[in-house]
Amino acid sequence: MANPLRAEVVRLYKNLLYLGREYPKGGDYFRDRLRAAFAKNKSVEDPEKIKEMIARGEYVARELEALYYLRKYRAMKKRNITNLTFGLLHIKILSLQ
Amino acid sequence: MSGRVLVGVKRVIDYAVKIRVKPDNSGVVTDGVKHSMNPFCEIAVEEAVKLKEKKLIKEVVAVSCGPQQAQETIRTALAMGADRGIHVQVTGKDYETLGPLQVSKILAALAKKEDAQLIILGKQAIDDDCNQTGQMTAALLDWPQGTFASEVSMEGDKLKVVREIDGGLEMIKINTPAVVSADLRLNTPRYATLPNIMKAKKKKIANVNPADLGVDLTSRVEILRVDEPPQRQAGVKVETVDDLVGKLKDTGRI
């Protein structure tokens, strides 16, 4: 019935809670909305609907991972100016003089 | 080629944290500050795990040098797919002066001890930006190196590495055993999710002393002073071109 799915739901919730700690708007912000979202669907019985919602939750988890990765990648890219960039800047400055 | 890959991972202040200099200018504030694995080390771990998933290597060993907290970084590597960890215990003054030279000596000794076929490191750490450890390790072991790797593939027992260099990409073929240092575009590291972290708790982390490896940790470098970069001056807006020329003349530019 809903019982084997219960473990999956709990696992999803814990995973999202863990992922949400680094949310840009704050871990608390994310946690409050996570709890609200899960509480709202507390009384759903239909296993098909539950599976659908679990899939949606897993999608959110993947979106969070992508968000974190892009943020980190863009920060690293911005900081790691290579010799080539300096070289181009140097040429540009020389050409302005 | 089957065998063991050593991946070096470094615990650094998290990339998103605002760095503050200590009031006595002796260093940077690290107490109570969020730390995490160096982003380039994450890329290195991901590459090693990918090689294992392709069945090109048998075992991924994550290595970190530092105090007790370095174990957290090793745990993250284990959660990403490394098989076991080695924690080289370095504490106190030794840890403050630990630099690429000492770490590369440690890695070289471990590579021989563990009979590693490949060492993958991040190209540089975001706290010191040295970009030296990979190169030094290769030199100490007299192994070929593929640095700034944006692509790594195996062809028989040779390694094909595409390097990001000034002016573009360079493809080289090197023998194994070798040292590779990972650049930003090598891969997209996977996130260490909670289930994987739980599974990784069962994996072993061995404790090792640098003295046991016969490594001398004395530093040849002494940090004299640490300062914040100069504050960026606000720009000035001008109304007309004449104003601009006037301002440039004032400041002696023209």
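Values quoted throughout were computed directly from the atomic coordinates according to the rules given, and no laboratory measurement underlies them. Model, not experiment: these values are computed from the prediction. For neighbour counting, all protein chains shown are included, and Cβ atoms are generated from backbone atoms with ideal geometry for every residue, glycine included.
Once the Cα atoms are used to define both axes, helix B:70-80 deviates from the longest principal axis of chain B by about 70 degrees.
Loop sites here are GluC sites (Glu not before Pro) outside DSSP states H, G, I, E and B with no more than 12 other Cβ atoms within 10 Å. The longest part of chain B free of them is B:1-221. Using the Stokes-Einstein relation with a Kirkwood hydrodynamic radius computed over Cα pairs, the translational diffusion coefficient of the range B:52-166 at 20 °C and a viscosity of 1.002 mPa s comes to 140 µm²/s.
Rg ratio for the range A:4-69: its Cα radius of gyration over 2.2 N^0.38 Å, N being its residue count, equals 1.11.
For the range B:60-113, the relative contact order comes to 37 percent (Cα pairs under 8 Å, sequence separation of at least 6). Normalised by the number of residues in the range A:1-75, the average gap of Cα pairs under 8 Å and 6 or more apart makes the relative contact order 42 percent. Per-peptide packing, taken as the mean over residues of other Cβ atoms within 10 Å, places B:19-27, A:49-57 in the sequence A:49-57, B:19-27 from highest down.
Reported value for the range B:215-254: 159 Å³ per residue, from the convex hull of its C-alpha atoms. Between the range B:119-154 and the range B:87-110, the alpha-carbon centres lie 16 Å apart.
Between A:A37 and B:A16, the C-beta separation translates, for a Förster distance of 25 Å, into a calculated FRET efficiency of about 0.45.
Percent relative contact order of chain B, based on C-alpha pairs within less than 8 angstrom and at least six residues apart? Contact order relative to length: 23 percent. Each 10 Å bin from zero holds the following percent of Cα-Cα pairs in the protein assembly as shown: 5, 20, 27, 22, 15, 8, 3, 0, 0. Once Rg and the Kirkwood radius are both taken over the C-alpha atoms of the range B:1-81, their ratio Rg/Rh works out to 1.10. Rounded to the nearest 5, the antiparallel percentage of DSSP beta bridges internal to the protein assembly as shown is 40%.
In this structure the amide hydrogen of B:S181, modeled in the peptide plane, comes within under 5 Å of the amide hydrogens of B:L121, B:G146, B:T147, B:F148, B:A149, none closer than 5 places in sequence on its chain.
Using just its DSSP H runs of length 4 or more, each adding -39500 (n - 2.57), the protein assembly as shown gives a mean residue ellipticity at 222 nm of -13500 deg cm²/dmol after division by all residues. Where Rh is the Kirkwood radius over the Cα pairs of chain B, the temperature 25 °C and the viscosity 0.890 mPa s, what D in µm²/s does Stokes-Einstein return? Once the numbers are plugged in, D ends up at 124 µm²/s.
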